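Report on one structure; see the data block that follows.
The values are calculated or read from the model by the stated rules, or taken from the named source; none is laboratory data. The model shown is predicted, which means the values in this text are computed figures rather than measured ones. As a convention, Cβ positions derive from the backbone with ideal geometry for all residues, glycine included, and neighbour counts pool all protein chains shown. We work out accessible area using only protein heavy atoms, side chains counted, and drop any ligands, DNA or RNA first. Shrake-Rupley method; radii C 1.70, N 1.55, O 1.52, S 1.80 Å.
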Amino acid sequence: MTSAGAQRILTAVQDILIERGIEDVTIRNVAAAAGLSIGAVQHHHRTKDDLIMAAMDEVSRNFIERVSAALTPEASARQNLDAVCRILGGLDDESRTASVIWLAYAAKATTSSAVADAHQSSWRLMEEGLTTLLQRWNPSLGDDDAAMLMALLDGIAIARATETDRMTPTRAQQLIDRYLNRLDPSSR
């Protein structure tokens, strides 16, 4: 299969996750959504878990690219931290879509050890990155501060994915700002 076919499979998995939920991610449904035969999908992904893992890897790659692109050397440490928080919190449409997919993966991680391992690895990587960003801004901050920020951003992302009327981008940004202002080294 061409790389275009492989990409259509991953896109189909993501579309099904967003529109219908993880329970509808099946070889048959993905093949139909991708416009491919069941055999073509199974050639690359033998099981539903294989499909989910491949799509999760794709979402993670795209996420890392977005975070990397948001970090700029000319920005201050706080500006870079803010940019990453907006992505992790699902404030814009693309980040919100990624949050919907991430939420489906988190649910699957409770029943699949392969997905759980990948999920935990991704969280560790994000927490390490947040620790680095926080320490560039305020050297007295550490792992626990990053874990607290991750918990806040995770909760906001879930609310942005499921309760858009209650958790608007404006409210989400205000909550993030309020938390970061408490950590601001210039306010102490």
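The dipole here belongs to the chain: it is taken about the Cα centre, uses +1 on the Cβ of Lys and Arg and -1 on the Cβ of Asp and Glu, and is about 120 debye. Among residues other than ASP15 with Cβ under 11 Å from its Cβ, the summed charge is 0 (Lys and Arg +1, Asp and Glu -1).
Of the GluC sites (Glu not before Pro) in segment 60-110, the ones in a loop by DSSP (not H, G, I, E or B) with at most 11 other beta carbons within 10 Å are GLU74.
For every helix of n ≥ 4 consecutive DSSP H residues, a contribution of -39,500 (n - 2.57) applies; sum these over the chain, divide by its total residues, and give [θ] at 222 nm rounded to the nearest 500 deg cm²/dmol.
It lands at -25500 deg cm²/dmol.
Here is the list for segment 103-188: GluC sites (Glu not before Pro) lying in DSSP coil, each with at most 11 other C-beta atoms within 10 angstrom of its C-beta, are GLU163. When +1 charges are put on Lys and Arg Cβ atoms and -1 charges on Asp and Glu Cβ atoms, the dipole computed for segment 1-64 relative to its Cα centre reaches about 180 debye. Under the convention that each Lys and Arg Cβ holds +1 and each Asp and Glu Cβ holds -1, the size of the dipole of segment 99-188 around its Cα centre is about 220 debye.
Semi-axes of the equivalent ellipsoid for the chain, please: Cα gyration tensor eigenvalues, times 5, square-rooted, ordered largest first, whole Å. Mind showing how you got there, number by number?
Values: eigenvalues 233, 51, 42 Å².
Working from the Cα gyration tensor, I get semi-axes of 34, 16, 14 Å.
Ellipsoid semi-axes for segment 70-153, based on the Cα gyration tensor and the rule √(5λ), read 25, 16, 9 Å when sorted largest first. Label separation (SER3 vs ALA106): 3.3 nm, computed from points 7 Å beyond Cα along the C-beta direction. Site pair ALA116 and ASN62 shows an inter-label distance of 2.7 nm when each label is modelled 7 Å from Cα along Cα→Cβ.
Roll a 1.4 angstrom probe over the protein heavy atoms and tell me the percent of accessible area of the chain that is carbon or sulfur. Summing carbon and sulfur atoms, their accessible area is 51 percent of the total for the chain.
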